[in-house]
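Notes follow the structure.
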């Protein structure tokens, strides 16, 4: 039976100091991510994590006070993988001499690719964020970070945005892309639109953004 959270308990993590403990904690985090990917938040229990990571509950409670603290640690561990994947948005050299339309289209495709490669994890955290205030808060922070990367990529590569407020227009385009991908990831491709291939969806999304930013009214 899992322990209940009490007011005296916290969401803090007590980092392991010894190599063996660090290895066990790494297994716990990896196991937690896998469980979220395979079964969502409903499958995420202390017992399931301990069984998957092959650690006793006492080893887990040495690091955290409760399930919520464990879940948030696993959440951050999983999001670290996502952030590492999206680091390509910060690589400016690869965009030198690339036409503006291709830069905008590739920026959209890169963001969509991050969602696609991490869909199982992102689906789990998106769905729980509606009833978990801390996950919702951290998700908003993540969205802002990704939006900053997307906006900076397009602005700093010299793309001329034919809008009165270029930065605001890029951010609005990102918000549309992000919201669309969140819905598609959480509820499937047929939730908000007629079903089609993934490539059709991505093509239409990139056309919409490039026309908005580069050819208003086109």
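Observations on the model:
- The relative contact order of the stretch 91-214, computed from alpha carbon pairs under 8 Å that lie at least 6 residues apart in sequence, is 40 percent.
- Cα-based values for the stretch 96-145, radius of gyration first and Dmax second, are 14.5, 46 Å.
- Across the stretch 19-74, the relative contact order, built from alpha-carbon pairs under 8 Å that are at least six residues apart, equals 40 percent.
- Degrees between helix 67-85 axis and first principal axis of the chain (Cα, 0 to 90, nearest 10): 40
- For the stretch 91-214: rounded, prolate or oblate by the Cα gyration tensor [a/c cutoff 1.5]: prolate
- Summed over qualifying helices (DSSP H, 4 residues or more, each -39500 (n - 2.57)) and divided by its residue number, the chain shows a 222 nm mean residue ellipticity of -22000 deg cm²/dmol.
- As a rough guide to protection, the peptides 36-44, 80-88 ranked by mean Cβ packing within 10 Å, highest first, stand as 36-44, 80-88.
- Cα convex hull volume per residue for the stretch 19-74 (Å³): 63
- Every Cα-Cα pair in the chain was counted, and those over 24 Å apart are 50% of them.
- C-alpha long axis of helix 119-129 to longest principal axis of the chain, angle in °: 70
- Degrees separating the helix 19-39 axis from the principal Cα axis of the chain, which is the longest one: 60
- Modelled spin labels at residue 172 and residue 84, positioned 7 Å past Cα toward Cβ, are 3.8 nm from each other.
- Kirkwood hydrodynamic radius (C-alpha pairs) into Stokes-Einstein, the stretch 1-105, 37 °C and 0.692 mPa s, D in µm²/s: 209
Read-outs throughout are calculated quantities, based only on the coordinates presented, and are distinct from any laboratory measurement. Bear in mind the structure is a predicted one, so any value in this text is a computation, not a measurement. Cβ coordinates were reconstructed from backbone atoms using ideal geometry, including for glycine residues, and neighbour counts include every protein chain displayed.
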